[in-house]
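Notes to accompany the following structure.
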Amino acid sequence: MLSYRHSYHAGNFADVLKHIVQVAIIEYLKKKDKPFTVHDTHAGAGSYTIASDHMQKTGEYRDGIARLLDNRTGVGVIDQYVALVKKLNPVGKLTEYPGSPLISASLLREQDRLQCSELHSTDFELLQRRFADDKRVRVEKLDAWQGFKAMLPPQHRRGLVLIDPSYEMEADYLGLLPALQMAMERFSTATYAIWYPVLDRNRTESFIRRFVKAEIPNMLRVECCPRPDASGRGMTGSGMLIVNPPYTLAQHMAQAMPVLKNALCEPNGHTLVRELTGEA
Ligand code: SAM
């Protein structure tokens, strides 16, 4: 039974970091005409209405996307992301926050493809309905790791695999590394972007260590923690582990972090950009 609904959290500080990285990777893939595929393992509903009870109940977007909307930052990866959110809100007011599938679909070209797995019945139906007329998009009601078996490798050699579990269950932490290894065997040429929460620093570090110990090559880690580490006080930050990142991403994220720190973090919050392992 899945209880997590992303509609309570859409547009929060964690989505901001994740979606900036997602946009940056897709924009990099678009530099070549050759087609690519985005595979979204935990796709969610696709888009979220700001005025909904869920979003208004938590108001998390107010400490996330809402803090970035008013100024051009001069940092390409942030401005591209904000421009996309604004384009999807043409009335000039934030009424809808795009989830990862809508972000991908908005950026893809005619020749590119998006494939999504989502298990929650309601979110799956919303997602399926949203993309019913978009021939580039495939939506399956599948467990994320079953989705790897069913849909990888895709028809294109280039691509992004976005892995964004809700970490509701211990299995989400434990199953990720073997699932990544299985996916990389099937689709070795892709970039993999894995989101993770920071709830308890020791747990986060042991999660990351597993990937390093497994000698996954060419890994970049980026993290934005609006609050200082403090276990038991909810999510204080979040990060992304990126395997086979575009060669420009570390530099672009290093430029973005001071701006994100300023916009999203309390004075004692912190950020990180670190290359964890080199190329094989
Ligand atoms: N990626 C989305 C975005 O950025 O807009 C948000 C995804 S949300 C963090 C996680 C989603 O994973 C939820 O919609 C949840 O229903 C779904 N989910 C949880 N366990 C899953 C599983 N084993 N396989 C596929 N989807 C799952």
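The values are calculated or read from the model by the stated rules, or taken from the named source; none is laboratory data. Keep in mind it's a predicted model, so treat the numbers as computed, not measured. Virtual Cβ from ideal backbone geometry, glycine too; neighbours counted across all protein chains shown.
Some points to look at:
- When the residues of the range 7-32 are filtered to those that are of a type outside the set (S, T, N, Q) and free of Cβ contacts under 8 Å to residues at least 60 places away in the same chain, the one that is nearest to the ligand (Cβ to nearest atom) is His9.
- Residues of the range 168-191 that turn out to be modelled with pLDDT under 95 and part of a loop (DSSP other than H, G, I, E, B), as a count: 2
- Cβ-Cβ contacts under 9 Å between residues 6 or more apart (or on different chains), taken from a first residue in the range 37-51 that is closer than 18 Å to Leu2 by Cα to a second residue that is more than 8 Å from the ligand (Cβ to nearest atom) and of a type in the set (Lys, Arg), are listed as Ala45/Arg130; Gly46/Arg129; Gly46/Arg130.
- Search result, residues across the range 66-98 that are in contact with an Asp or Glu (Cβ under 8 Å, 6 or more places away or on another chain) and not hydrophobic (A, V, I, L, M, F, W, C): Arg72, Thr73, Gln80, Asn89, Tyr97
- Filter result for Ile78 (farther than 22 Å from Glu125 by Cβ and outside any loop (DSSP other than H, G, I, E, B)): yes
- Residue within the range 125-135 that is basic (Lys, Arg), more than 17 Å from Gly44 (Cβ to Cβ), in contact with a strand residue (DSSP E or B) (Cβ under 7 Å, 6 or more places away or on another chain) and crowded, with 17+ Cβ neighbours inside 10 Å present: no
- Cβ pairs under 7 Å, 6+ apart, first in the range 116-143 and part of a helix (DSSP H, G or I), second among the charged types (D, E, K, R): Phe124/Glu118; Phe124/Lys141; Leu127/Glu118
- For the range 217-280, the strands (runs of 3 or more DSSP E) that sit wholly inside it and include 1 or more residues that are of a type outside the set (Gly, Ala, Ser) and surrounded by fewer than 18 Cβ atoms within 10 Å (Cβ to Cβ) are 270-277.
- Restricting the range 132-175 to residues that are among the β-branched types (Val, Ile, Thr) and under 18 Å from Ile242 (Cβ atoms) leaves a set whose member that is nearest to the ligand (Cβ to nearest atom) is Ile163.
- Residue match in the range 106-115 (condition: more than 10 Å from the ligand (Cβ to nearest atom), under 17 Å from the mean Cα position of the chain (by Cα), surrounded by fewer than 21 Cβ atoms within 10 Å (Cβ to Cβ) and among the small types (Gly, Ala, Ser)): yes
- Those residues of the range 12-45 which are touching a Cys at 6+ places or on another chain (Cβ under 7 Å) and not aliphatic (A, V, I, L, M), in sequence order: Phe13, Asp40
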